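Engineer: What follows is a single structure, and I will ask about it in a moment.
The values are calculated or read from the model by the stated rules, or taken from the named source; none is laboratory data. Quick caveat, the model's predicted, so the values are computed rather than measured. Here Cβ is always computed from backbone atoms with ideal geometry, including for glycine, and neighbour counts include all displayed protein chains. Just the protein is used for accessible areas: all its heavy atoms, side chains included, with ligands, DNA and RNA removed. Shrake-Rupley method; radii C 1.70, N 1.55, O 1.52, S 1.80 Å.
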Amino acid sequence: MAMLLYLHQDHFDRKISTFIDPFLGQGGSLIAGFEYGSARIVGIEINSGNLITAKSNLEKYLIQNGNEFELSGDQDSAEYKIARGDGTVTKVDVFRGNSVQIARQVVQELGLSDMDVVSDIPWGCHKCLTFAERRITRTDDMASFYKNVEEALREIGSDRITLAQNSNAQIQLLEAKRITTSKLYDIVMYSLN
């Protein structure tokens, strides 16, 4: 995830102050964003178990590294205010829900008008959880999955998007750059316009 942040910074030629990961998973972007130095990080995760793990992973990381933090919220959302050694504070907000349904509301409620999107799209989780459980049996179902990803990105409204995604995924946004990392996995920078 840290590599995605630096590739995003290099491509869009700006430091990432605020970013949203609409497909949070187990929270790697929260830790990577804090290490990178972002002032504000927002994560949305549909799976309650993953959200619990993401919060736990962040808290363990902060405790192990001696970072003081304030925590408020409940099982479906949390706000962290994390003290940095230089006297600044990083704010992390996490929410449980479907990004397609809640992303725009989250962005508006938090007053985020100029943020970036950086995410490791859960193509691997999608494949494991859906094909393995026999909930998805056709490859066109993956197209449907990525259509939902595209819809969530449009709801967020950022013009600076970097995704790690399945190489076969078709997302109908303006593709600015593609880095092929393996037969299955690409890093792609998108814009809405």
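Engineer: Measuring from a point 7 Å past the Cα of T88 along Cα-to-C-beta, which residues in segment 14-48 have an amide N at less than 18 Å?
Structural biologist: Backbone N within reach: 14-20, 30-42.
Engineer: Taking only the alpha-carbon atoms of segment 1-53, what semi-axes of the equivalent ellipsoid follow from 5 times the gyration tensor eigenvalues under a square root, in whole Å, largest first?
Structural biologist: 21, 10, 9
Engineer: Let me ask you something else. Below 8 Å, C-alpha to C-alpha, sequence gap of six or more: please give me the relative contact order for the chain in percent.
Structural biologist: 20 percent
Engineer: Something else now. Heavy-atom accessible area per residue, the chain, 1.4 Å probe: how many Å²?
Structural biologist: 51 Å²
Engineer: Output the relative contact order of segment 27-90, whole-number percent, from Cα pairs under 8 angstrom with separation of 6+ residues.
Structural biologist: 30 percent
Engineer: Something else now. How would M1, M142, M189 line up by accessible area, probe 1.4 Å, largest first?
Structural biologist: M1, M142, M189
Engineer: Relative contact order for segment 1-45: what percent, with Cα pairs under 8 Å and sequence separation of 6 or more?
Structural biologist: 46 percent
Engineer: Could you calculate the contour length gain from R154 to S191, that is, 0.36 nm times the residue separation minus the distance between their Cα atoms, to one decimal place in nm?
Structural biologist: 12.3 nm
Engineer: What accessible area, in Å² to the nearest ten, does a 1.4 Å probe give for S48?
Structural biologist: The accessible area of S48 comes to roughly 60 Å².
Engineer: For segment 13-29, in order, what is each residue's ³J(HN,Hα) by Karplus, 6.51 cos²θ - 1.76 cosθ + 1.60 with θ = phi - 60°, in whole Hz (x at glycine and Pro)?
Structural biologist: For segment 13-29, the Karplus-derived couplings read 6, 7, 6, 8, 7, 10, 9, 10, 10, x, 10, 4, x, 9, x, x, 5 Hz, x marking Gly and Pro.
Engineer: Relative to the longest principal Cα axis of the chain, at what angle does helix 99-109 sit, 0 to 90 degrees, rounded to 10?
Structural biologist: 30 degrees
Engineer: Springs between alpha-carbon atoms under 10 Å, Gaussian network over the chain: tell me which of N65, N148, N50 tops the mean-square fluctuations.
Structural biologist: Comparing N65, N148, N50 in a Gaussian network model of the chain, the most mobile one is N65.
Engineer: Show that you can apply the helix-only estimate: for the chain, add -39,500 (n - 2.57) for every DSSP H stretch of four or more residues, divide by all residues, and state [θ] at 222 nm to the nearest 500.
Structural biologist: -11000 deg cm²/dmol, from helical runs alone.
Engineer: Percent of accessible area on segment 1-134 owned by carbon and sulfur, 1.4 Å probe?
Structural biologist: Accessible surface attributable to carbon and sulfur in segment 1-134 totals 48 percent.
Engineer: If you look at just the Cα atoms of the chain, how large are its Rg and its Dmax in Å?
Structural biologist: Cα-based Rg and Dmax for the chain come out at 16.2, 52 Å.
Engineer: For the cross-link pairs K91/K147; K15/K60; K55/K91; K60/K91; K55/K183, which exceed 22 Å when the distance is taken from alpha carbon to alpha carbon?
Structural biologist: The answer is K91/K147; K15/K60; K55/K183.
Engineer: Let me ask something additional. Just reorder T53, T90, T18, T181 by solvent-accessible area, largest first, 1.4 Å probe, all chains present.
Structural biologist: T181, T53, T18, T90
Engineer: Further, regarding this structure: Report, please, the projected area of segment 17-111 averaged over directions, based on the convex hull of its C-alpha atoms, in nm².
Structural biologist: 5.5 nm²
Engineer: Under a Cβ-Cβ cut-off of 13 Å, what is the net charge of the residues other than L4 that fall near it, where Lys and Arg count +1 and Asp and Glu count -1?
Structural biologist: Local charge sum for L4: -4.
Engineer: While we're here: Test of the criteria: in segment 5-79, which trypsin sites (Lys or Arg not before Pro) are in a DSSP loop and have at most 15 other Cβ atoms within 10 angstrom of their Cβ?
Structural biologist: Of the trypsin sites (Lys or Arg not before Pro), the ones in loops of segment 5-79 whose Cβ has at most 15 other Cβ atoms within 10 Å are R14, K15.
Engineer: Around Y185, which amide H atoms from residues at least 5 apart in sequence, or from another chain, sit under 5 Å from its own amide H, with H modelled in the peptide plane?
Structural biologist: Those qualifying (amide H under 5 Å, at least 5 residues apart or on another chain) are S167.
Engineer: With labels modelled as points extended 7 Å from the Cα through the Cβ direction, what inter-label distance (nm, one decimal) is found for D76 paired with A176?
Structural biologist: That separation, rounded to one decimal, is 3.5 nm.
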